[in-house]
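In what follows, a single structure is set out as structure tokens and then discussed.
The values are calculated or read from the model by the stated rules, or taken from the named source; none is laboratory data. Everything quoted here is computed from the prediction, not taken from an experiment. Neighbour counts are summed over all protein chains in view; Cβ atoms, including those assigned to glycine, are modelled from backbone coordinates with ideal geometry.
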Amino acid sequence: MMAGNRAAQDVVFVGKKPAMSYVLAVVTQFTEGQRTVTLKARGMTISKAVDVAEVVRNKFIQDAKVSGISIGTEELADKNNEKVHVSTIEITLMKV
């Protein structure tokens with residue numbers, strides 16, 4: 001499968017829910033047979049994505065490794081329709 005055509009089920013978008021909700025989502029993906037799961041977050045949720053990756057690796061799936069980290073910036077429109085730049089991160093976990 002090509003990277004740009006990744007199946008949606010191996011991506012977990014980190015948002016406003018508690019971190020353990022995303023940990024459960026990642027663990028579920030791995031137990032259902034996924035070899036890699038990518039956490040995606042932007043803005044203030046970036047630190048939560050890092051926390052999720054660390055909890056998964058240290059508490060639930062010890063044979064999961066970080067296989068890649070990608071950072072970037074997205075340009076979005078705010079409430080006043082002005083352009084703002086928001087930081088993004090993608091953390092790819094691989095079960096070895």
**Prompt:** Taking segment 80-96 as the search range and keeping residues that are among the aliphatic types (A, V, I, L, M) and without any contact (Cβ under 8 Å) to a residue 40 or more places away in the chain, which one is surrounded by the most Cβ atoms within 10 Å (Cβ to Cβ)?
**Reply:** V84
**Item:** Close pairs (8 angstrom Cβ cut-off, 6 or more residues apart or separate chains): within 17 Å of V66 (Cα to Cα) in segment 24-44, modelled with pLDDT of 95 or more and of a type in the set (K, R) anywhere
**Value:** A41/K48
**Request:** Take the residues in segment 1-33 that are in a loop (DSSP other than H, G, I, E, B) and either among the aliphatic types (A, V, I, L, M) or modelled with pLDDT of 95 or more (or both), then tell me which one is surrounded by the fewest Cβ atoms within 10 Å (Cβ to Cβ).
**Result:** M2
**Residue, farthest from the chain's Cα centre (by Cα), within segment 34-75, restricted to residues that are among the polar types (S, T, N, Q) and crowded, with 18+ Cβ neighbours inside 10 Å** = T45
